[in-house]
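Report on one structure; see the data block that follows.
The values are calculated or read from the model by the stated rules, or taken from the named source; none is laboratory data. It should be emphasised that the depicted structure is a prediction, and the values quoted were computed from it without experimental measurement. We place every Cβ from the backbone using ideal geometry, glycine too, and count neighbours over all the protein chains shown.
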């Protein structure tokens, strides 16, 4: 029986190119923010790439901070008094203050600077009134540096 | 005594082949991993810098405009009728039935290009006469969708004139005065 041999050289070439391409994409873009699957981000022609910060997701149904559920959007929409007080979302404020206290402790213990930066991922159908509530809450909870996450599209 | 030839010369060439199996193994693991995690959509962010609320009083007093510093106070209001623009150059009329500066299109979408164009005119007219040549305040009705707001911010940030992009009012603030 003759010995059969696979030529793997071409496949290896392709793999090497792919690997380098993928690794390079990682190093330039960073893997800092992965878009949440519960929402569609709005599109914008902004050039600035996204940075790290406290992750705040305002999806169609719930608000999440660092991927943990904080409050249901229905309660926010309905302005239920135990949730929304004076235009401020109380559970969100508590959660943000908890994270800012932790971050400040980190600043004291390890010298990681607390920048008060929060990265807001909002659904594109979010009404302005709810966005303002979220942003006002952030501003009053020691996170005044708000960034809105968008899909970049060049026109 | 017979001459003993060097043994080296008679070495047979051994054909060696690189053992690529470990490399292939690694590649087949790494490539699916990287591909699965890769983002092909580019993500960006819009910067909004607001003064911290806690020190609002002290900062507010310090930031009061001086007599001689005139401010442009450019405000873009998005309503379901269209977009209103007001500034120190064009004071809004008092009548409540004032038409929007840019009326909404028939399909219900906004004319962002017209907005950019209008803001460009204002930018040209304002020149360097004001203390806040790059600031704009955007406000909207409660029902306005987030995407519309982001698009309006885009229109306010820069305008594309032919090949080059001209910066308009990159310091965007949001106002919640309508609520």
- Look through B:82, B:44 and report the one residue that is surrounded by 12 or more Cβ atoms within 10 Å (Cβ to Cβ), modelled with pLDDT of 70 or more, at positive phi and touching a strand residue (DSSP E or B) at 6+ places or on another chain (Cβ under 8 Å). B:82
- Only one of (1) modelled with pLDDT of 85 or more; (2) farther than 24 Å from residue A:127 by Cα; (3) touching a helix residue (DSSP H, G or I) at 6+ places or on another chain (Cβ under 9 Å) does not apply to residue A:65, and that is (2)
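Could you say whether any residue in region A:94-104 is in a loop (DSSP other than H, G, I, E, B) and within 18 Å of the chain's Cα centre (by Cα)? Let's see the steps before the verdict.
Residues of region A:94-104 in a loop (DSSP other than H, G, I, E, B): none.
The answer is no; no qualifying residue exists.
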- Message: Exactly one of these conditions fails for residue A:146: (1) away from every other protein chain (no Cβ under 11 Å); (2) in a strand (DSSP E or B); (3) without any contact (Cβ under 8 Å) to a residue 60 or more places away in the chain. Give me its number.
- Response: (1)
- Message: What's the total number of residues in region A:38-70 that are part of a strand (DSSP E or B) and either under 9 Å from the mean Cα position of the chain (by Cα) or away from every other protein chain (no Cβ under 11 Å) (or both)?
- Response: 11
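Go through region B:116-149 and give me each residue that's outside any loop (DSSP other than H, G, I, E, B) and under 30 Å from residue A:57 (Cα atoms).
Taking region B:116-149 and keeping what is outside any loop (DSSP other than H, G, I, E, B), we get B:116-126, B:135-140, B:145-149.
Within region B:116-149, B:116, B:135, B:136, B:137, B:138, B:139, B:140, B:145, B:146, B:147, B:148, B:149 meet the criteria.
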